[in-house]
Structure formats: C-alpha cells, structure tokens
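What follows is a single structure, written as structure tokens, with notes after it.
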Amino acid sequence: MSNVTVTDRFKGARIIALLSIIAGVVLIVAGGITWGAVTSQLKDEKITVAPITADNPGSLANKPVQDPFTAFAQANAIKHHALTATNGLTYAELGDAISAKKAELKAAGTSDADIAKDKDVLALTGQRTTSMNGSFLRSSLFTSVVAYGISALVMGLGILFIIIGYAIRVLAVKPETVVAPVAPATVTTQV
C-alpha cells in the first residue's frame, strides 16, 4: 500500500520564489508608471511630427509626438531640416568652417572687430546656432526614446522574474510516494 504526500523540500526556495514574484510585479508597475510619465510629458509639449519633405513626408508626419516611434520620427525630421538649413554641414563641421574663415580673414589683415562683423562669419555662426538647437532638440527626443526602451526592458524583466519565481515555487514542492511498511509474513508449520 502506498500513499502520495506532498513535502516542502526547500522552504528557502519557496521564499526566494515569492520574493521574485513580488519583485516582478514591482518592476512591471514601475516600468508602466515610467512609460506613462514619459508619454504624458511628450503630449504636454504638443509637438507634431514635421514632414521631412513635401514629396516624402514620412509615415508619421503630422501625428502628435506621444510614443517612442513618433519621438524618433520627429528627431529624424529635425536632423533633416537642420542639415538642409546648414547646407549639409554638422555642428562640428560648421565650427571648422568658422575657424577657417576667421583664419583666412586674419591672414588677409582683417581686424578682429571686422572679422566679427563679416557676413560669411555671421552666416556660418547663424547656421551653427541652428545646428546646435537641432542637436539639443534631437537629444531631448532621443532621451524619451531611451526612457521608453528602459521602461519596456524593466517590464519585460518583471515578467521574467514572475515566471522564474513561479517555476522555483513549483519545483520546490515535490510529490513523494511513501510506502507503508509491510508486516513480515508468518509461517505456520503443521505437525
């Protein structure tokens, strides 16, 4: 005769499993709150994804920036427009162009005061300011995209923690078969 009983083989493992499940729930909630906060902040800015060009506006053009996809699309639109305004030159390249122009004017004997008022230097400086502003705006939008990514990662880890906690909990309890001792057989002899 046998009986099936359930024994708690690893009480410590069950505690760890419970803590893992609780941590998973906390991570999911924290990731969700962060996702919601970033979305709320982006919506409050009332940004609309700018069309890249009239011929190729982009699939998210004219949509409100409120998620990682529209934030990324707006950052790309800003990059395109900033490069268009600076004739394809980046912030660093414009700095080099300004330095080269100032050196050229200085070598020609132009005074520092006249160099500061030179129309080419002023135009390059204006383009560099435009490029700088575009870079700052793109960086801000990319920060929100990264925040969304981290939120998704944290929520995914929360789900993983819950699954691992559940698995540990199940494995920590094992059904065992207990066999009842059998009384020795008695032998009788007849005389």
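Odds and ends about this structure:
- Unique residue being touching a residue at least 40 places away in the same chain (Cβ under 8 Å) and closer than 17 Å to T143 by Cα when the list is V49, V65: V65
- Residues (part of a loop (DSSP other than H, G, I, E, B), under 20 Å from the mean Cα position of the chain (by Cα) and not aliphatic (A, V, I, L, M)) located in segment 54-80: Q66, D67
- If you go through segment 106-129 and keep only what is surrounded by fewer than 16 Cβ atoms within 10 Å (Cβ to Cβ), of a type in the set (A, V, I, L, M) and part of a helix (DSSP H, G or I), you end up with A107, A113, A116, L122, A123.
- Only one of I28, I33 that is over 24 Å from H80 (Cβ atoms), under 16 Å from the mean Cα position of the chain (by Cα) and surrounded by 15 or more Cβ atoms within 10 Å (Cβ to Cβ): I28
- Neighbours by Cβ (under 8 Å, 6+ apart or cross-chain): first from segment 135-160, modelled with pLDDT of 95 or more; second not in a helix (DSSP H, G or I): L141/V65; Y148/D67
- Test: residue in segment 26-43 that is out of contact with any Cys (no Cβ under 9 Å at 6 or more places or on another chain) and not in a helix (DSSP H, G or I): no
- Contact annotation: residue pairs with Cβ atoms under 9 Å, 6 or more positions apart or on different chains, pairing a residue in segment 18-33 that is more than 10 Å from I162 (Cα to Cα) with a partner that is hydroxyl-bearing (S, T, Y) and open to solvent by less than 30 Å² (accessible area, probe 1.4 Å), are A30/S151; G31/S151; G32/S151; I33/S151.
- Which numbered condition A147 misses (of (1) touching a helix residue (DSSP H, G or I) at 6+ places or on another chain (Cβ under 7 Å); (2) open to solvent by 60 Å² or more (accessible area, probe 1.4 Å)): (2)
- The residue list T53, T86, T70 contains one member that is modelled with pLDDT of 95 or more and among the β-branched types (V, I, T), which is T70.
A quick yes/no check of all residues on (1) open to solvent by less than 60 Å² (accessible area, probe 1.4 Å); (2) in a helix (DSSP H, G or I); (3) within 28 Å of H80 (Cα to Cα):
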| residue | (1), (2), (3) |
| --- | --- |
| E104 | no, yes, no |
| S131 | yes, yes, yes |
| S135 | yes, yes, yes |
| S140 | no, yes, yes |
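The values are calculated or read from the model by the stated rules, or taken from the named source; none is laboratory data. Note that the structure is a prediction, hence the values are computed from the model and not measured. Every residue, glycine among them, receives a Cβ derived from its backbone with ideal geometry; neighbour counts consider all protein chains shown. Just so you know, the surface numbers come from the protein's heavy atoms only, side chains and all, with ligands and any DNA or RNA stripped out. Shrake-Rupley method; radii C 1.70, N 1.55, O 1.52, S 1.80 Å.
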